[in-house]
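Structure first, commentary second.
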Amino acid sequence: MNKINHVAIIMDGNGRWGYKKKKSRNYGHREGLNTVKKIIDETVKNKIHYLTLFAFSTENWKRPKSEITYLFKLLENFLHKKIDDLMRQNIKLKIIGNKKIFSEKLKKILKNSEKKTKNNSGLQINLALNYGFKEELIYSINKMIKYKKKINVKNITDNLYTQNIPDPDILIRTGNTNRISNFMLWQIAYSEIFFVKKLWPDFTKKDYNKIINKYSSIKRNFGGL
Ligand code: IPE
Ligand code: IPE
Ligand code: MG
């Protein structure tokens, strides 16, 4: 049985789900948030220590302003309403991505949520916001230059946003699209990847547990035998 330390998820398909229901893309985003809550609960139940959720990419700024505004409004509401639940569930929240671009208000909300949950010892949720791997790599390289570090695997790893976080054992992408879209390209080098046809709002606890069960029977080689 493989032990699961870290699950990473590319939560894709909200917009199409909204259209499928003859409503807006934003309607799909709102429903997607319900799936997020369910999957968090299930991750806690399964005693998995890290859950990384891809919520907004460095490329998602190309979307209409009304959609971007809605997504960040959802995020603010979520953090506002869920913070007590996160505390109750002993969950620690960490933001990965480039926060510099965010408004002072949002920066403050993110910082407060991280600060408040920082001593929680249960599940750690890494929320990927304005996250893109290419930018993360440049961030790591710049830090290595600044501190005159040798370029090697350990130092690149230790200077990414994900420093001190083990690599994902499982990567899930919903939404019937078989691509990685600039997500954790270094960290998923040996992850087991599951592409799911269902759109994110339709993804259930049962679907999640099926993947977890499947994973536990996979033989991981890491290049060995
Ligand atoms: C959610 O799915 C991912 C986010 C950027 C929040 P999408 O919004 O990409 O939905 P689709 O892929 O267009 O259906
Ligand atoms: C990836 O989904 C980003 C998130 C889930 C946040 P996208 O919908 O942005 O990916 P592409 O553009 O279809 O590759
Ligand atoms: Mg998409």
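If you go through region 205-225 one residue at a time, how many are touching a residue at least 60 places away in the same chain (Cβ under 8 Å), surrounded by 13 or more Cβ atoms within 10 Å (Cβ to Cβ) and within 12 Å of Glu192 (Cβ to Cβ)? Total meeting the criteria: 2.
Looking at region 48-66, which of its residues are over 15 Å from Leu129 (Cα atoms) and either part of a helix (DSSP H, G or I) or in contact with a helix residue (DSSP H, G or I) (Cβ under 6 Å, 6 or more places away or on another chain) (or both)? If the condition is that a residue be over 15 Å from Leu129 (Cα atoms) and either part of a helix (DSSP H, G or I) or in contact with a helix residue (DSSP H, G or I) (Cβ under 6 Å, 6 or more places away or on another chain) (or both), then Lys65, Ser66 are the ones that fit. Restricting the first residue to region 99-122 and requiring it to be in contact (Cβ under 8 Å) with a residue 40 or more places away in the chain, which pairs with a second residue that is surrounded by fewer than 14 Cβ atoms within 10 Å (Cβ to Cβ) meet a Cβ separation below 7 Å and a spacing of at least six or different chains? Close Cβ pairs satisfying both conditions: Gly122/Asn90. Could we say that Asp41 is assigned to a helix (DSSP H, G or I), farther than 30 Å from Tyr215 by Cβ and either acidic (Asp, Glu) or under 13 Å from the mean Cα position of the chain (by Cα) (or both) here? No. Of the residues examined, Asp41 is one that is over 23 Å from Asn164 (Cα atoms) and away from ligand 2 (no atom under 16 Å from the Cβ).
For Asn34, the stated conditions do not hold, so it cannot be described as away from ligand 1 (no atom under 11 Å from the Cβ), touching a residue at least 60 places away in the same chain (Cβ under 8 Å) and under 20 Å from Ile165 (Cα atoms).
Taking every residue in region 175-190 that is closer than 16 Å to Glu135 by Cβ and pairing it with any residue that is within 12 Å of ligand 3 (Cβ to nearest atom), at least 6 positions away or on another chain, the pairs with Cβ-Cβ distances below 6 Å are Phe183/Ile10; Phe183/Phe54.
All of the numbers you see were taken from the coordinates with simple rules; none came from a lab. Keep in mind that what you see is a predicted model, and the values were worked out from it rather than measured. Cβ: placed from backbone, ideal geometry, glycine included. Neighbour counts: every protein chain shown.
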